[in-house]
Amino acid sequence: IALPTALKLLPQYIEKTVTRVKILPVVKAKVQLEGNLGTGTPKVLIAYESGPFDYTLPIGKLRKLTAVGTFTNQANPALPVGDANSQITGSRVKGYFESIPLEGSIVVKDFKTIKTVIESSLTADPASLNALLDPGRYQVKSGSISVGFRYQGDLLSYYDKTTNRPTGKLAGKIVMQNVAFSYLPQNVNLSRI
């Protein structure tokens, strides 16, 4: 089912929030409802698998992403069903950042004051790095670069264009292994980085 159609099954506030994020792929979903007909809000549990989709970030484009995960409106069984106790989890998110393979997860909690945690890792080889660089200036010859990060903050306004910084907490690491590259205009060659 196309996600905009599927969202009609969820509370209007959640439908509006997901629509504002602008990630609207085709999804396969298994829906489980628990409750009494006609009274109160039922407990909802959805297991989903998305088709591929693209998403543009201020620093580049996420391509051919797919996600497998769940939605529930009662993440904490000790609390009542509702937006504040809702959670979407993407436990297996895969795709590409531009041409670099990407894997990660995402958790969006509390649809009243949306809280997001994104964890991701990517590993770039020389071919994928060269696709991102100006070929007249740089050439990566060997090695690999791995990036791992964790973002915790607002999903809808995660980047401040005026300060050129994320709005939430961002932590991570970059590991370079045996990288060799050339800076072509000055004929500078570096190796074993």
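The values are calculated or read from the model by the stated rules, or taken from the named source; none is laboratory data. Remember, it's a predicted structure, so these values are computed and weren't measured experimentally. Methodologically, a virtual Cβ is constructed for each residue, glycine included, from the backbone with ideal geometry; neighbour enumeration extends over all protein chains shown. Ligands, DNA and RNA are excluded from the accessible area calculation, which covers all protein heavy atoms including side chains. Shrake-Rupley method; radii C 1.70, N 1.55, O 1.52, S 1.80 Å.
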Margin query: Whether any residue in region 12-21 is more than 17 Å from residue 91 (Cβ to Cβ) and outside any helix (DSSP H, G or I) is what I want to check.
Written below: no
Next item on the list: Can you confirm whether region 122-134 contains a residue that is open to solvent by 50 Å² or more (accessible area, probe 1.4 Å) and in contact with a Gly (Cβ under 6 Å, 6 or more places away or on another chain)?
Entry: no
Check: Any residue in region 172-189 that is more than 19 Å from residue 126 (Cβ to Cβ), of a type in the set (Gly, Ala, Ser) and surrounded by 10 or more Cβ atoms within 10 Å (Cβ to Cβ)?
Finding: yes
Checklist line | Residue tally, condition open to solvent by less than 60 Å² (accessible area, probe 1.4 Å) and in a loop (DSSP other than H, G, I, E, B), over region 161-171 | finding: 1
Check: Could you list, in sequence order, the residues of region 151-160 that are surrounded by 14 or more Cβ atoms within 10 Å (Cβ to Cβ) and assigned to a strand (DSSP E or B)?
Finding: 151, 152, 153, 159
Next item on the list: Select from region 128-168 the residues that are within 20 Å of residue 189 (Cα to Cα) and free of Cβ contacts under 8 Å to residues at least 24 places away in the same chain and list them in ascending order.
Entry: 130, 133, 134, 135
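Of the residues 157, 121, 144, only one is among the hydroxyl-bearing types (Ser, Thr, Tyr) and farther than 25 Å from residue 87 by Cβ; which?
On the way: 157 fails: farther than 25 Å from residue 87 by Cβ; 121 fails: farther than 25 Å from residue 87 by Cβ.
After ruling out the rest, the residue left standing is 144.
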